[in-house]
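Here the structure is laid out as structure tokens; the discussion comes afterwards.
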Amino acid sequence: MDGDDTITAEVCKEADIGDGELWDVMVAGYPVLLVRNKKEFRALGSKCPHYGAPLSKGVLKGERLRCPWHGACFNIKTGDIEEYPSLDCLPCFKVTVEDGKVFVTAKKKDLESSLRVKDTSKRYLLNRETMLLLGEVTSLVGVAALVCAETLRQEGFTGRIIMVTKEKHVPYDKSKLSKAMNLKAEDVYLRKPEFLDAHGIELWTEKEAVSVDFQKQKVCFMDGSSQKYNQLLIATGSHSSFLKVPGADLQNVCVLQTPEDSSKILELATGKNLVIVGASFIGMEVAAFLSDKAGAISVVEKKEFPLQNALGPQVGGVAMKMLQNKGVKFYMKTELCELKGTDGKVAEAVLASGEKLPADVVVVGIGVFPNSAFLKGTSIARDDSGAILVDLRMQTNIPNVFAAGDVVSFPVALLNGDWSSIHHQQVAEAHGHIAALNMLKKEKELHTVPFFWTTMFGKSIRYAGCGKGYTDTIVKGSLEQQKFLIFYIRDGFVTAAASLNCDPMVSLIAEVLYLGKQISKEEAEACDVCNIPSLAET
């Protein structure tokens, strides 16, 4: 049987599956997702192309199916991606109903693959229009520029697309660098170089922008070369903040930004004393991954709990316990004041409390700042932190210049339109998509609900929304038993939610917020984590 052979299989009786239900069925030994929506049947790939989550455990609202793990959304009619972080779409299969029996018809090659790459236009050499995309240099490497490039091709752009990065790699999944430090760079590539070639996307690696002349529509690079553009995307990301203490320049004081950093930290920390400065997501994921590999791990943090800024003290406390149970030591509400070394290598961390910690390797995770220094002295609008200000079309204050990802501050719907920077992969991807549509004059505004996750010891804390400035929380389930859903409340309404072992609740809440519906404090209090429909009716 070759890949083009068509298979038809009976998968169930029509009466078996109710409206709004998601079923896993088998077609010739391959899993397929069967959906019934308003009496109509749809059949799609059963796994999310992002990390392989079972979509039958997801959330269906109208024609949108949301992944239970990381919030990617797919249209059940077309299989097309409607919300990141997945880059690819789902294959769709034909469904027929005869005599109360449901049949699925599919080609074998489509059943074998759980994803479908969207159709794109080809590069037309006579089209000289140039889209120049300055890819993210470090944080969330390249996703905004990559999605922008792919969207341009999907939307019919046939001109030249140049993606530029300071790194030596194609865009990769930065979120894996701290979660699985034993992976090689190639293991985390979002797209292979051959994919970019096939789509006519030029990738210039190890090239850093040093200035932009907006009048002449030209970018100059560190190596002395320059490139003119018709439209420019600035998606240069953010850079880890540097330690400002004596000894910060000693050897084996590391930041984690690249696959090379990840491998180096793993090698240096194995069997040794590791000190992590800053209880950030990266710091906590590194601590979790190295907990059974390093000799000893100490975490130094100004706040009372890890992840406190993003998730609050309750969820931060859960993460702290998970790590303490694996032997990680926490030194909270204190600061690092000095690093001491021998033979130029770090050996000891001195805390403000006077305590001294042995330190063979130090990992710094104390926040980030936008990579926008090369725009100093230009007329582009930036905020006090250096983030580029954009509107909901990702347009800067300069014509034909767009910006996306970590480097921008944008109006956030869940903050009543206040400008904010949000450093998540899914948001960067949504930015890149919207920037591409507006480069092509499609006049589309950003409409997304931020979604992110952190993973420790095989358990994922999921988060959706924007809880900045929350004044109240409601916890359902049990923080102690590590099975909970927490709502963050501002002005009487839910602006964000986080969960552990309560899928697909956060995806459901993301979808309710996406639809513009408000969840009141009272509705959150009445919500039963074991009874999803109570919220689904919202």
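Below is a table of values for the structure above.
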read-out: Qualifying residue in the range 295-313 (condition: in a strand (DSSP E or B) and touching a Lys or Arg at 6+ places or on another chain (Cβ under 6 Å)); value: yes
read-out: Answer from Gly469, Gly477 - the residue that is part of a strand (DSSP E or B) and either open to solvent by 50 Å² or more (accessible area, probe 1.4 Å) or at positive phi (or both); value: Gly477
read-out: Only one of Lys244, Lys293, Lys272 that is more than 30 Å from Gly159 (Cβ to Cβ), in contact (Cβ under 8 Å) with a residue 60 or more places away in the chain and open to solvent by 10 Å² or more (accessible area, probe 1.4 Å); value: Lys272
read-out: Tally, over the range 100-127, of residues that are over 33 Å from the mean Cα position of the chain (by Cα) and either under 19 Å from Ala149 (Cα atoms) or among the charged types (D, E, K, R) (or both); value: 4
read-out: Those strands (runs of 3 or more DSSP E) lying entirely in the range 153-234 with at least 3 residues within 30 Å of Asp261 (Cα to Cα) and touching a strand residue (DSSP E or B) at 6+ places or on another chain (Cβ under 8 Å); value: 160-164, 201-204, 209-213, 218-221, 231-234
read-out: Qualifying positions in the range 173-218 - among the acidic types (Asp, Glu) and either on the phi > 0 side of the Ramachandran plot or open to solvent by less than 40 Å² (accessible area, probe 1.4 Å) (or both); value: Asp173, Glu206
read-out: Residue list for the range 62-89, filter: out of contact with any helix residue (DSSP H, G or I) (no Cβ under 8 Å at 6 or more places or on another chain), assigned to a loop (DSSP other than H, G, I, E, B) and under 16 Å from Ala43 (Cα atoms); value: Gly62, Glu63, Ile76, Lys77, Thr78, Gly79, Asp80
read-out: Any hit, the range 440-454, residues being touching a Cys at 6+ places or on another chain (Cβ under 9 Å), touching a residue at least 24 places away in the same chain (Cβ under 8 Å), open to solvent by 20 Å² or more (accessible area, probe 1.4 Å) and over 15 Å from Leu307 (Cβ atoms); value: no
read-out: Selection from the range 352-387 of residues that are in contact (Cβ under 8 Å) with a residue 24 or more places away in the chain, in contact with a helix residue (DSSP H, G or I) (Cβ under 8 Å, 6 or more places away or on another chain) and open to solvent by less than 40 Å² (accessible area, probe 1.4 Å); value: Val361, Val363, Gly365, Pro370, Asn371, Ser372, Ala387
read-out: Flag for Gln482 being surrounded by fewer than 22 Cβ atoms within 10 Å (Cβ to Cβ), within 25 Å of the chain's Cα centre (by Cα), more than 26 Å from Asn416 (Cα to Cα) and not charged (D, E, K, R); value: yes
read-out: Selection status of Leu311, in contact with a Leu (Cβ under 6 Å, 6 or more places away or on another chain) and surrounded by 15 or more Cβ atoms within 10 Å (Cβ to Cβ); value: no
read-out: Pair list, Cβ under 6 Å, 6 or more apart: the range 490-507 residue outside any strand (DSSP E or B), other residue of a type in the set (Gly, Ala, Ser); value: Pro504/Gly58; Met505/Ser499; Val506/Ala464; Val506/Ala497; Val506/Ser499; Ser507/Gly71
read-out: Every residue from the range 388-429 that is part of a loop (DSSP other than H, G, I, E, B), closer than 16 Å to Val212 by Cα and open to solvent by less than 30 Å² (accessible area, probe 1.4 Å); value: Thr396, Ile398
read-out: Count of residues meeting criterion [surrounded by fewer than 20 Cβ atoms within 10 Å (Cβ to Cβ) and over 16 Å from Leu414 (Cα atoms)] in the range 504-525; value: 3
read-out: Answer from Glu186, Glu208 - the residue that is at pLDDT below 95 and farther than 24 Å from Gln426 by Cβ; value: Glu208
read-out: Qualifying residue in the range 219-228 (condition: within 23 Å of Pro171 (Cβ to Cβ), hydroxyl-bearing (Ser, Thr, Tyr) and surrounded by 18 or more Cβ atoms within 10 Å (Cβ to Cβ)); value: no
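The values are calculated or read from the model by the stated rules, or taken from the named source; none is laboratory data. Because the structure is a prediction, the values reported are computed rather than measured. Glycine gets a Cβ as well: all are built from the backbone with ideal geometry, and neighbour counts include every protein chain shown. When the accessible area is computed, the model is the full protein with side chains, heavy atoms only, and any ligands, DNA or RNA have been set aside. Shrake-Rupley method; radii C 1.70, N 1.55, O 1.52, S 1.80 Å.
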